[in-house]
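Written below as structure tokens is the structure these notes are about.
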Amino acid sequence: MSSLRDLLSALLLIAATLLGALWLPAVWIERNVVDQDGFLAITQPLSSAATLQRSLTDSAVDEVLANDLVPGFLADRLSPLLQEQAPRLTGTEAYATVWDRAMVELHGALFTPGASPLDVDLLPLIDSLLTSAEDSLPLVDNLPRPDSATITMATIPDVPLLTHATILDPWAHRAGPIALALAVLALLVSSHRRVALTAAGLGAVLAGLATWLLTTRIEQIVPDAVDQAVFLGPIVQVFEERFATQVMPQAVILLGAGALVASVGLVLLGLRHRS
């Protein structure tokens, strides 16, 4: 009977270790990637990144010049003017509107199975550009606006991990408490509780170590097709950095707590053998 109890205890501790290893990464992904508000909280400051700014403003200029909106006799004069005005758009409400809409579209595309186009409506930027041109060019008023200015900024590759993450989302915050409950149950079931306590501590050490290793290897785990993609790549790299910075200290705490529990178990074992 005692052997069955110890076997059940070992199985419970293995399950607790696996859940413990998944807990911290799953919670971070749920809060900062799956949850739209958390995702936008990270991406909103990225609107000031020069590379991403140029992607939007240059696209707006190209859209104006490529669609023959401007009469031919003005095109040569307007082109350098638009190029000059484009960087100034980044501090405007129009730019903020386009960026926020683009990030909402990006969040949806990341969780759409298969490759998805990232379509961005540049009309607010184009309207601001043409308004500035009207103010700068003498005798020019009411330049025509396009009816639609939605372009595909990038193609978001399929990320199966994220599409599956939505299934596990409700369980992310529960993984840690469930792992702790399983570890406590394993102690109660075991016929050798000092050994089980030591094993529980070692399981927590392994869970913390696995999480720590994940934070140090996150750039290698994310496919190049994602973190090197046009427009998407710089954004994903910021998420990788944020993940490593925020989760690593938590992993160290988990590892330290496990080491403490394992040490207590070893001390109790030592005292038992001495007695």
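Which one is farthest from residue 32 (Cα to Cα), of the residues in region 238-266 that are polar (S, T, N, Q) and touching a residue at least 12 places away in the same chain (Cβ under 8 Å)? Looking at the filtered set, the residue picked out is 263. Here is the figure for region 188-203: residues that are surrounded by fewer than 20 Cβ atoms within 10 Å (Cβ to Cβ) and either under 35 Å from the mean Cα position of the chain (by Cα) or of a type in the set (Ser, Thr, Tyr) (or both) total 2. Within region 83-92, count every residue that is assigned to a helix (DSSP H, G or I) and touching a residue at least 24 places away in the same chain (Cβ under 8 Å). Total satisfying the criteria: 6. Candidates 260, 206: the one that is under 23 Å from residue 19 (Cβ atoms) and surrounded by 15 or more Cβ atoms within 10 Å (Cβ to Cβ) is 206. Restricting 15, 21 to those that are surrounded by fewer than 20 Cβ atoms within 10 Å (Cβ to Cβ), more than 13 Å from the chain's Cα centre (by Cα), at pLDDT 80 or above and in the same structural domain as residue 202 (by TED's automatic domain parsing) reduces the list to 15. Just one of (1) among the basic types (Lys, Arg); (2) modelled with pLDDT of 90 or more; (3) not assigned by TED's automatic domain parsing to the domain that holds residue 205 fails for residue 54. It is (2). Applying the set (1) at pLDDT 80 or above; (2) under 18 Å from residue 145 (Cβ atoms) to residue 7 leaves exactly one unmet item: (2).
Out of 197, 213, 232, one residue alone is of a type outside the set (S, T, N, Q), modelled with pLDDT of 90 or more and touching a Leu at 6+ places or on another chain (Cβ under 9 Å). It is 197. Yes or no: region 254-272 includes at least one residue that is outside any helix (DSSP H, G or I) and either of a type in the set (Val, Ile, Thr) or at pLDDT 90 or above (or both). There is no residue in region 254-272 that is outside any helix (DSSP H, G or I) and either of a type in the set (Val, Ile, Thr) or at pLDDT 90 or above (or both). Any residue in region 147-155 that is modelled with pLDDT under 90, buried (at least 19 other Cβ atoms within 10 Å of the Cβ) and over 29 Å from residue 30 (Cβ atoms)? The answer is yes; a qualifying residue exists. Please work out if residue 172 is under 20 Å from residue 253 (Cβ atoms), of a type in the set (Gly, Ala, Ser) and over 16 Å from the mean Cα position of the chain (by Cα). No: the conditions fail for residue 172. Against the list (1) at pLDDT below 85; (2) of a type outside the set (A, V, I, L, M, F, W, C); (3) surrounded by fewer than 16 Cβ atoms within 10 Å (Cβ to Cβ), the condition residue 36 fails is (1). Determine which single condition residue 242 fails, assuming it passes every other condition in (1) out of contact with any helix residue (DSSP H, G or I) (no Cβ under 9 Å at 6 or more places or on another chain); (2) modelled with pLDDT of 90 or more; (3) basic (Lys, Arg). Of (1) out of contact with any helix residue (DSSP H, G or I) (no Cβ under 9 Å at 6 or more places or on another chain); (2) modelled with pLDDT of 90 or more; (3) basic (Lys, Arg), only one is false for residue 242: (1).
The values are calculated or read from the model by the stated rules, or taken from the named source; none is laboratory data. Note that the structure is a prediction, hence the values are computed from the model and not measured. With ideal geometry, Cβ positions are generated from the backbone for all residues, glycine too; neighbour counts draw on all protein chains shown.
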